[in-house]
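Right, one structure below, let's go through it.
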Amino acid sequence: MTNDLLSLSTNEFIAGIEAVAPRFDSATYPQQNLPSDDWTLLTRAGVLLPALPREYGGRDSHVEMCRVVEILSEWNLAVGTYATIVTGLALRPIVLWASEEAKQEVLPMFAGGEPMIAGFASTEPGCGSAMSGMTTTFEEVDGGYQIRGRKHWQALSATAHWWVVSAKNDDHGRREYGYFIVNRSEGFRTAERYEPLGLKVIDYGVNDIDTVVPRHRRIHAEAGKLSAVVDIFLSGRAMIAAVACGFLRRISREAHAYADARRIGPAPLSAIRFARYRLAAIDSSYTICEALNHRLQTRLDLKADLTRAFPAIQAIKTVATERMVSSANHYQQLTGGEGYRCGSPTNIAGQAFLDTRVFTIFDGTNDLLSQQLTEYCLARLAGQSLSGFLASWPLTAPAVSTHHLNLSFLDPELGQEHMVLAGRAIAYAFAIAQVMRWATETDADVGRARAAIEFLKADIACVAVEFGLLAAGVLDAASTTTSPEHASSPRLENTTPSSGSRSQSASPAVPPGGVFAASGRRLSP
């Protein structure tokens, strides 16, 4: 059946995905692990084909990878995330770096009619975002490589047939990292299953690994550094733009429909001005993520190395996931008590909020990614102030110059806490530039773009206020040890200056996620 899909045009192929996606509508689809029959339905519609090279039976299309995820995420955020994991995190490194022998062994299985599932095993108990601390090891033995260790929070922990596993070797006095393609039947065992708050379609758990894999299934990636695992995570972070775009399209559409139908006395809820403000915030979040998705589809390439796009992808992930969570919150507030009820016949707000909450943690916490974005910029100042660098950096310069952004609050010496906040401001400036580019290149509605930019400028202003709070000593006051009877009245003027530590605690780096997009309705200036 999948062979018939290879001759279709992109529009015809995407129409097939659009035809099957409503089957997974989150308003009615069960909140349970995805049944194998439903995964079969998706694979036979071709959801994996864009990720696969043509010589292995695929369609080999970056744009189609993004559009498939966007469509699925509009109907069901968890299902869109599921497809992102299999294609962007698991199959992509095999396509890019595996040996020809390994590709011939593995990839044709994913192009056939029999549904296969793949996952990426990296995060470990006690080792979150600091992947250098992993304890899973490999060593060369007769016949291949022995891999032993424990991984957790792997999406598809109990169901994936094939895995890309990261491990390390400290023999011979030097650290070496390795990436291996492992079949579950070879010694990949699920020891415990987790119960997540949201994204119930995806199964998570703890996996024990004790296996020997043949030599040809070691992926050819740089051994002395973690650059390969960084690139793998970058693909998941980048695809969140498509996930968010699809998700927020749905949330915008449904929030407006609910507010128009809900009567408050003689008028609809949408006539209340603060309700209209919440709707505008949701619509602007959709606009922002539509612009980020436009950059993903037109400026990035999931079929190539993504490390050069590191700063843009860090910004995409943090902004898109924040917009998902804030929009789900606005939607839930609009629906009131009904929005706290999963399975409500009038809205999907309860499930939407549960499903989005983890995205600011997925693939590295937003705090960590924001700090890394700031560090990236600081390493390139070349004698400039940070605000001066951002005024000339191509990713932010259009926003700074056109909208006269005053980022001078970023220029004093930055402690670790400042760098996290600064990364957010940098990401918002980047997002403003992307909204500008999107509006120009797509001839989008000027009012939509203007409203989205105003919300992003307000986000930057909030970061400036938080810098002021740090300058006032609130962090030091909060961390001062006091006796219980005096704990309620800290004296800000007596606090000790911050140490300015640049360390960042490691946080669990879970899998990637999925999102929706909005309705494209006009926003008044």
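In region 339-361, the residues that are over 20 Å from residue 195 (Cβ atoms) and modelled with pLDDT of 95 or more form Cβ pairs under 6 Å with partners that are surrounded by 18 or more Cβ atoms within 10 Å (Cβ to Cβ) and of a type in the set (Phe, Trp, Tyr), at six or more places apart or across chains, as follows: 347/258; 349/331. Any residue that is within 18 Å of the chain's Cα centre (by Cα), surrounded by 24 or more Cβ atoms within 10 Å (Cβ to Cβ) and of a type in the set (Lys, Arg) - is there at least one of those in region 139-155? So far as region 139-155 goes, no, none of its residues is within 18 Å of the chain's Cα centre (by Cα), surrounded by 24 or more Cβ atoms within 10 Å (Cβ to Cβ) and of a type in the set (Lys, Arg). If you go through region 7-38 and keep only what is closer than 19 Å to residue 155 by Cα, assigned to a helix (DSSP H, G or I) and open to solvent by 50 Å² or more (accessible area, probe 1.4 Å), you end up with 36, 37.
Checking the condition closer than 20 Å to residue 281 by Cα and at pLDDT 95 or above, which residue from 464, 422, 427 passes? Show your work before the answer.
Details: 464 fails: closer than 20 Å to residue 281 by Cα; 422 fails: closer than 20 Å to residue 281 by Cα.
Criteria check complete, one pass: 427.
Within region 372-409, count every residue that is open to solvent by less than 20 Å² (accessible area, probe 1.4 Å), free of Cβ contacts under 8 Å to residues at least 40 places away in the same chain and touching a Ser or Thr at 6+ places or on another chain (Cβ under 7 Å). Of the residues in that region, 1 qualify. Among the numbered conditions (1) more than 18 Å from residue 210 (Cα to Cα); (2) buried (at least 21 other Cβ atoms within 10 Å of the Cβ); (3) acidic (Asp, Glu), the only one that residue 124 does not meet is (1). Pairing residues of region 443-472 that are over 14 Å from residue 405 (Cβ atoms) with residues that are open to solvent by 80 Å² or more (accessible area, probe 1.4 Å) and among the basic types (Lys, Arg), at Cβ distances under 6 Å and at least 6 apart in sequence or on separate chains, gives 445/522; 447/522.
Only residues that are part of a helix (DSSP H, G or I) and hydrophobic (A, V, I, L, M, F, W, C) were counted across region 353-406, and they come to 16.
Could you tell me whether region 272-280 includes any residue that is at pLDDT 95 or above, farther than 17 Å from residue 248 by Cβ and aliphatic (A, V, I, L, M)? For region 272-280, residues at pLDDT 95 or above, farther than 17 Å from residue 248 by Cβ and aliphatic (A, V, I, L, M): present. If you go through region 410-446 and pick out every residue that is within 27 Å of residue 476 (Cα to Cα) and in a loop (DSSP other than H, G, I, E, B), you end up with 5. Evaluate region 284-303: report whether one residue or more is buried (at least 24 other Cβ atoms within 10 Å of the Cβ), out of contact with any Gly (no Cβ under 6 Å at 6 or more places or on another chain), more than 17 Å from residue 73 (Cβ to Cβ) and small (Gly, Ala, Ser). The answer is yes; a qualifying residue exists.
The values are calculated or read from the model by the stated rules, or taken from the named source; none is laboratory data. Treat the numbers as computed from the prediction; the structure is a model and nothing was measured. Cβ: placed from backbone, ideal geometry, glycine included. Neighbour counts: every protein chain shown. Each accessible area value is taken on the protein alone, full model and side chains, heavy atoms only, with ligands, DNA and RNA left out. Shrake-Rupley method; radii C 1.70, N 1.55, O 1.52, S 1.80 Å.
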